[in-house]
Amino acid sequence: MVKNDGVNPKVFEKALKNLKKDVGPQVVGWSNKIRNGKVRVYVSEHPTAAGVVNVLNVAGKSYEVEYYRVGTIKIL
Amino acid sequence: MVLSRTDRLRPFPMGVSIGHCNITAGTAGCVVVDPQGNEYILSNNHVLADSNKGKTGDAILQPGVYDGGTIDDAVASLYNYVPIEFPENSGCLIAKGIVSFLNFVSRALGRKSRFYSKVDEYPVNETDCAIAKPTNPQIYTCEVMELGFPKGSAKAKDGETVLKSGRTTGLTEGKVIDDDATIEVSYEFLTARFIHQILVSGEGFILGGDSGSVLFNEDLYAVGLCFAGSSDGSLGIANPIYVVEQLLGVAVKT
């Protein structure tokens, strides 16, 4: 596990915000740590094949996107 | 006699029903202390401060209204909270000025169309936290129900086992699956974005009414303040406790 893999956090965050725009509102968050070369993206529902982004390109590096279903997150 | 977390308890321990007089009910997390030695009850903004709507001095009830609490059950008063920033609250002054001008012109021309500024960026939050000042020192205890007395605070670590003691699900156990997540949380009609959050996975870990419960590691050091989760109860979201302590200027009482 490598936190951001040396990528500037702001650049990393911008890439994930763009991913959210591409994939859609089912993206409700992401992990700021890269695990085994993968970026974990939290989704309320798994994205459809049409909108899915499987690779995140950031700062000249490519990371596999791992979608992690968490449902709708609300205050309890 | 078995104590119920939703009953009126005197003195009341932590991990039981509490809430602002205008909300349903949440959980009293733990006792915190400021540098002058004053003690407060820690919970969430949305539990003790009615999601930014509360005012200093508002009555805090134990149990919360949903559990039958009335003004006669006031045990504390709202003392301080960290405001939750929603996109709607973060309008740029220039945008507001332009919108006001355009709406003025629209009204002057007798048009019914109105302009709004749309925020394309979420403001970020790190905590949903608040503290309440107890009405007297005999009305509460620092013990967390079924857990005991906190030993201090620490940072959560990926993969560690954590525990929480809450109004609805009681004492439950989960595992930290992320100690640095960015996540969007629904507050009824609004959504707020939180950064640096702790995600905890565990079957039946947390449900509505558990908000405000404190997340402890197995050594009983507080690591987080629970405030949100998935509707099936298997995922909880917590603010890092060290950020809560910094922003409120308090420390977990040991």
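Count of segment B:219-238 residues, restricted to those that are part of a strand (DSSP E or B) and more than 11 Å from the chain's Cα centre (by Cα), is 7. Looking across A:VAL65, A:VAL55, A:VAL23, one residue alone is exposed (fewer than 12 other Cβ atoms within 10 Å of the Cβ), β-branched (Val, Ile, Thr) and farther than 24 Å from B:ASN239 by Cα. It is A:VAL55. Selection of segment B:207-254 for residues being of a type outside the set (A, V, I, L, M, F, W, C), farther than 16 Å from B:HIS46 by Cβ and without any contact (Cβ under 8 Å) to a residue 60 or more places away in the chain yields B:GLU218, B:SER230, B:SER231, B:ASP232, B:SER234, B:GLN246. Restricted to strands (runs of 3 or more DSSP E) entirely inside segment B:13-70, those with at least 2 residues that are more than 13 Å from the chain's Cα centre (by Cα) and buried (at least 19 other Cβ atoms within 10 Å of the Cβ) are B:30-33, B:59-61.
Restricting attention to segment B:184-219, the residues that are crowded, with 22+ Cβ neighbours inside 10 Å and within 21 Å of A:ASN32 (Cβ to Cβ) add up to 8. For segment B:171-206, filtered to residues that are part of a loop (DSSP other than H, G, I, E, B), without any contact (Cβ under 8 Å) to a residue 40 or more places away in the chain and of a type outside the set (Asp, Glu), the residue that is nearest to the other protein chains (Cβ to nearest Cβ) is B:PHE189.
Screening B:PHE216 on (1) facing chain A (nearest Cβ under 9 Å); (2) assigned to a strand (DSSP E or B); (3) within 18 Å of B:ARG5 (Cβ to Cβ); (4) of a type outside the set (A, V, I, L, M) shows it passes everything except condition (1).
Close Cβ contacts (under 9 Å, 6 or more residues apart or on different chains) running from residues in segment A:6-28 that are within 18 Å of A:LYS38 (Cβ to Cβ) and more than 13 Å from chain B (Cβ to nearest Cβ) to residues that are surrounded by fewer than 18 Cβ atoms within 10 Å (Cβ to Cβ) and basic (Lys, Arg) comprise A:GLY6/A:LYS61; A:VAL7/A:LYS61. For segment B:157-170, the candidate set comprises residues that are of a type in the set (Val, Ile, Thr) and surrounded by fewer than 23 Cβ atoms within 10 Å (Cβ to Cβ); within that set, the residue that is farthest from the other protein chains (Cβ to nearest Cβ) is B:THR161. The set of residues in segment B:127-141 being crowded, with 19+ Cβ neighbours inside 10 Å and part of a strand (DSSP E or B) consists of B:ALA130, B:ILE131, B:ALA132, B:PRO134, B:TYR140. Among the residues of segment A:17-56, the ones that are at pLDDT below 90 and assigned to a strand (DSSP E or B) come to 0 in all. The set of residues in segment A:48-76 being in contact (Cβ under 8 Å) with a residue 40 or more places away in the chain and of a type outside the set (Gly, Ala, Ser) consists of A:LEU56, A:ASN57, A:VAL58, A:LYS61, A:TYR63, A:VAL65, A:VAL70, A:THR72, A:ILE73.
Residues in segment A:29-45 that are among the hydrophobic types (A, V, I, L, M, F, W, C) and more than 9 Å from chain B (Cβ to nearest Cβ): A:ILE34, A:VAL39, A:VAL41, A:VAL43.
The values are calculated or read from the model by the stated rules, or taken from the named source; none is laboratory data. Fair warning: this is a prediction, and the values are worked out from it, not measured in the lab. Note: ideal-geometry Cβ built from the backbone for every residue, glycine included; neighbour counts use all protein chains shown.
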